């Protein structure tokens, strides 16, 4: 038989006995077609950091990593660099089987960047939910510009209200961010307890822990709210998060790279998604890392890890966010030496599948990857653009 894939946000997926006249045909003989992936926490602006020269003084703490690497990088980005980051990161994500990216962006000196990123993702063929990082670290003028840009963008497209983290966000900005999210029926997208220093700062300056601060501000009451990381939440905080409408996003590869720890899952329940935090665009790799991290702590199963990979679909559906319907598919050229069945599929995902098996990707019924290459943009042109902009960025740093 055949599968007919309808186009557009409401395009259907249905079996047909004969190929309709004039239909474009994608031969999937011997291959596996399944739902494509969602990256629930990405930083596309990090795409030009691959191979970047290290800072003159090696950072010794997580906050030093931010100050000496990422905050210098995001301030150096201009609009041309932002577009190159978005295109390069989107192509990588698509070739890894992802059709929906939830991105957390920062480029305080490149104005009106969200629409630029959205158009780049549209070019590649990815659906998206974007936000701009709000913070007090660059002063009141930058903060107010970011609030205005966020408000303008949310009037045009669905998105979230981004915040950096508790230790760079004043009480006034937190109030403004939650109010802005409420006014657009949106949510907050923020890093929470990624490092122990985030909790230590909040206790020292405000007398309570990070999750309590966001709870008091109303951020946890919004069902679209995404809290990234959460490694240093206490058992009580994890239970409180479980009982709220908010969602947590695990980013295991980034956490290990930054040396900030592993997620403690006890008490969190099912409202945990998976992201990459800008390390890469490979959700299969993120799923495997989450599973292995759990095994190192004596917990987890292949099926639980696979369900976490898939839980972002539930987040999008529960919040009425389009772009992730049944007509989003990844075709895998995966021919293992052992049987593939529903009951062992999670094991194949963890121990057999990889990005190299992605043969084709369909996003909202449109083919965006074929033969392992992006087809809606010229990959070679995107690569050359990214290399030129990376050279410019590195010179600035």
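Quick notes
- Applying 1/(1 + (r/R0)^6) with R0 = 30 Å to the Cβ-Cβ distance of residue 208 and residue 242 gives a FRET efficiency near 0.95.
- Pairwise centroid distance, computed over Cα atoms, of region 1-48 with region 259-298, Å: 26 Å
- Cα radius of gyration and Dmax for region 189-267 (Å): 11.8, 32
- Put in order of Cβ neighbour count within 10 Å, fewest first, the listed residues 63, 161 become 63, 161.
- Taking 0.36 nm per residue of separation and subtracting the current Cα-Cα distance, fully stretching the chain between residue 299 and residue 216 would add 26.7 nm.
- Measuring how big region 286-337 is from its alpha-carbon positions, Rg and Dmax come out at 14.2, 40 Å.
- Taking 1.567 mPa s as the viscosity and 4 °C as the temperature, the Stokes-Einstein diffusion coefficient of region 35-325 based on its alpha-carbon Kirkwood radius rounds to 69 µm²/s.
- The residues 351, 315, when put in order of fewest to most other Cβ atoms within 10 Å, stand as 351, 315.
- Paramagnetic reach from residue 338 (point 7 Å along Cα→Cβ, amide N under 14 Å) across region 348-367: 348-353
- Projection of the Cα convex hull of region 2-50, averaged over all directions and equal to a quarter of that hull's surface, yields 6.3 nm².
- Sorting 382-390, 52-60, 194-202, 124-132 by average packing, meaning the other beta carbons within 10 Å per residue, from highest down gives 124-132, 194-202, 382-390, 52-60.
- Note on the chain: helix-only mean residue ellipticity at 222 nm, from DSSP H runs of 4+ residues weighted -39500 (n - 2.57) and normalised by residue number, equals -12000 deg cm²/dmol.
- Summary of the geometry: region 303-369 and region 203-250, compared by the centres of their Cα atoms, lie 29 Å apart.
- Spread of Cα-to-Cα distances over 10 Å intervals beginning at zero, given as percent, for region 154-303: 11, 41, 35, 12, 1
- Taking a ≥ b ≥ c as the square roots of the eigenvalues of the alpha carbon gyration tensor, region 149-213 is prolate, as a/c is not under 1.5 and a/b beats b/c.
- Within region 65-215, the percentage of alpha carbon pairs spaced more than 20 angstrom apart rounds to 50%.
- Taking every DSSP beta bridge that has both ends in the chain, the antiparallel portion is near 40%.
- Nearest 10 degrees, 0 to 90: helix 113-124 Cα axis against the chain principal axis: 10 degrees
- Cα-based helix-to-principal-axis angle, 196-206 vs the chain, degrees rounded to 10: 40 degrees
- Rg/Rh for region 37-136 (Cα atoms only, Rh after Kirkwood) is 0.98.
- 21 Å tail of the calculated P(r), region 248-314, as % of Cα pairs: 12 percent
- Segments 322-330, 114-122, 96-104 sorted - mean Cβ within 10 Å per residue, highest first: 96-104, 322-330, 114-122
- Helix axis angle, 79-95 relative to the chain longest principal axis, alpha carbon, degrees: 40 degrees
- Region 130-163 residues near the modelled residue 72 label - backbone nitrogen below 18 Å, point 7 Å along Cα→Cβ: 138
- Label point distance in nm, residue 112-residue 2, each placed 7 Å from Cα along Cα→Cβ: 4.5 nm
- Where only alpha carbons of region 259-370 are counted, the Rg and the Dmax (Å): 15.1, 42
We did not get these values from a lab; they are worked out from the coordinates using the rules stated. As the structure is a prediction and not an experimental result, all values here were calculated from the model. Note that each Cβ is placed from the backbone with ideal geometry, even for glycine, and that neighbours are counted across all protein chains shown.
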